[in-house]
């Protein structure tokens with residue numbers, strides 16, 4: 001009841017000033033700065049694999065952007081996995097000659113050392129049929145489950161990429177081919193991390209485009225004894241040194257309380273990583289820029305973390321928690337949702353705090369969608385599992401996201417400047433509103 005009274009007083013007295021601030025945020029979001037930042041990251045530092053020169057150059061560029069945004073800036077070194085994709089080849093012979101398949105290695109896959117494996121290929125279009133299979137000794141397993149367009153289509157089909165290599169190795173297979181995780185038919189293979197099961201023989205894994213997966217499936221139907229020739233020089237090289245980047249604007253009332261905005265800098269070897277996640281990095285830094293340009297003094301400290309190695313092992317976030325985990329956090333807002341139209345925010349938060357945010361945002365006609373999930377359901381996120389920090393996720397429209405995800409289609413040509421401006425306005429407005437709501441609440 002106390003908070004309701006405060007909001008009603010705000011409606012009578014303070015909301016005009018808040019509305020004026022939101023207007024300034026919208027005005028400053030129309031700058032080209034965020035779009036330019038995405039463009040530079042995508043075109044000048046593509047393929048930002050952790051431990052790579054491109055990644056190092058991206059961190060240096062973003063550090064200069066944070067300084068321009070008026071933030072206090074620092075970097076922390078991180079041991080990151082160093083995996084090299086090498087060169088891959090996949091083909092088979094039929095009555096018309098040699099058929100090349102568009103293939104790339106799955107992240108962290110071992111290679112064949114350049115050696116060619118010429119073996120029978122056995123196809124499985126779903127997990128249940130694979131589990132019924134007996135020995136696959138001396139074969140190459142082809143996982144060909146199609147990803148559907150439902151909201152959880154990616155997770156439903158993702159087992160074959162994440163766990164398929166070890167599953168196949170247990171049945172004696174020598175290598176794995178996986179259908180790319182995408183709902184569209186095209187000739188761009190999608191990579192992504194696999195997970196080798198401890199104690200199970202490691203075998204190499206390649207992903208092929210959805211188009212070529214269909215071609216290979218048709219050829220197997222015609223010739224059940226089809227053999228494919230498979231080679232890869234991908235290899236694990238231990239660890240390298242990468243850097244987390246931190247920039248912050250100190251709170252004027254509660255400098256020891258932190259709103260953490262995080263985004264990962266790494267992207268795959270086959271992609272500019274424009275949407276995954278140059279956009280997220282630029283949007284996070286744009287919050288700092290807009291606060292400074294609009295003359296907004298945050299009540300709590302606004303901190304942006306650009307971290308390493310989300311795609312493989314989350315070593316950057318883990319290092320951050322090791323160094324800064326005992327500080328006092330109001331919430332962690334993660335930005336990694338692509339560059340389509342802004343939708344809103346998913347809040348893993350207590351019902352009490354969520355209701356306060358919702359009530360205040362409604363009073364200002366803040367129109368973004370706010371979804372609440374139980375705080376205890378956020379244990380998948382490191383800062384929550386280890387420190388019980390509430391976790392919020394920015395949400396953009398993702399209807400086309402997995403059509404480009406982890407592929408060379410994820411490039412600057414699909415980034416729309418006006419959408420980026422609207423996204424920056426929504427994210428910065430949300431941070432402003434929650435900073436004000438939480439000023440005296442935690």
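Just a few scattered comments:
- Filter result for the condition that a residue is touching a strand residue (DSSP E or B) at 6+ places or on another chain (Cβ under 6 Å), surrounded by 16 or more Cβ atoms within 10 Å (Cβ to Cβ) and within 30 Å of residue 70 (Cα to Cα), over 262, 180, 232: 262
- Test for residue 291: is it surrounded by 19 or more Cβ atoms within 10 Å (Cβ to Cβ) and out of contact with any strand residue (DSSP E or B) (no Cβ under 7 Å at 6 or more places or on another chain): no
- Every pair of residues 6+ apart whose Cβ atoms lie under 9 Å, when the first sits in region 64-82 and is farther than 20 Å from residue 317 by Cα and not assigned by TED's automatic domain parsing to the domain that holds residue 321 while the second is at pLDDT below 95 and exposed (fewer than 15 other Cβ atoms within 10 Å of the Cβ): none
- Within region 383-421, being closer than 27 Å to residue 182 by Cα, in a helix (DSSP H, G or I) and in contact with a strand residue (DSSP E or B) (Cβ under 9 Å, 6 or more places away or on another chain) holds for one residue alone: 419.
- Taken across region 326-345, residues that are in the same structural domain as residue 286 (by TED's automatic domain parsing), more than 19 Å from the chain's Cα centre (by Cα), touching a residue at least 40 places away in the same chain (Cβ under 8 Å) and closer than 23 Å to residue 62 by Cβ do occur, with at least one present.
- Scanning region 73-92 for residues being surrounded by fewer than 14 Cβ atoms within 10 Å (Cβ to Cβ) and in a strand (DSSP E or B) gives a total of 2.
- Hey, residue 108 surrounded by fewer than 16 Cβ atoms within 10 Å (Cβ to Cβ), in contact with a strand residue (DSSP E or B) (Cβ under 9 Å, 6 or more places away or on another chain), more than 20 Å from residue 411 (Cα to Cα) and not assigned by TED's automatic domain parsing to the domain that holds residue 277 or not: no
- Test: residue in region 48-57 that is surrounded by fewer than 14 Cβ atoms within 10 Å (Cβ to Cβ) and over 30 Å from residue 224 (Cα atoms): yes
- The conditions of being out of contact with any helix residue (DSSP H, G or I) (no Cβ under 9 Å at 6 or more places or on another chain) and more than 30 Å from residue 45 (Cβ to Cβ) are met by residue 373.
- Residue tally, condition in a helix (DSSP H, G or I) and without any contact (Cβ under 8 Å) to a residue 12 or more places away in the chain, over region 356-375: 1
- Filtered by the rule that a residue be without any contact (Cβ under 8 Å) to a residue 12 or more places away in the chain, in contact with a strand residue (DSSP E or B) (Cβ under 8 Å, 6 or more places away or on another chain) and not in a strand (DSSP E or B), region 93-105 gives no residues.
- Taken together, the criteria place residue 54 among residues that are under 20 Å from the mean Cα position of the chain (by Cα), assigned to a helix (DSSP H, G or I), without any contact (Cβ under 8 Å) to a residue 12 or more places away in the chain and at negative phi.
The values are calculated or read from the model by the stated rules, or taken from the named source; none is laboratory data. None of the values given here were measured: they were computed from a predicted structure. We place every Cβ from the backbone using ideal geometry, glycine too, and count neighbours over all the protein chains shown.
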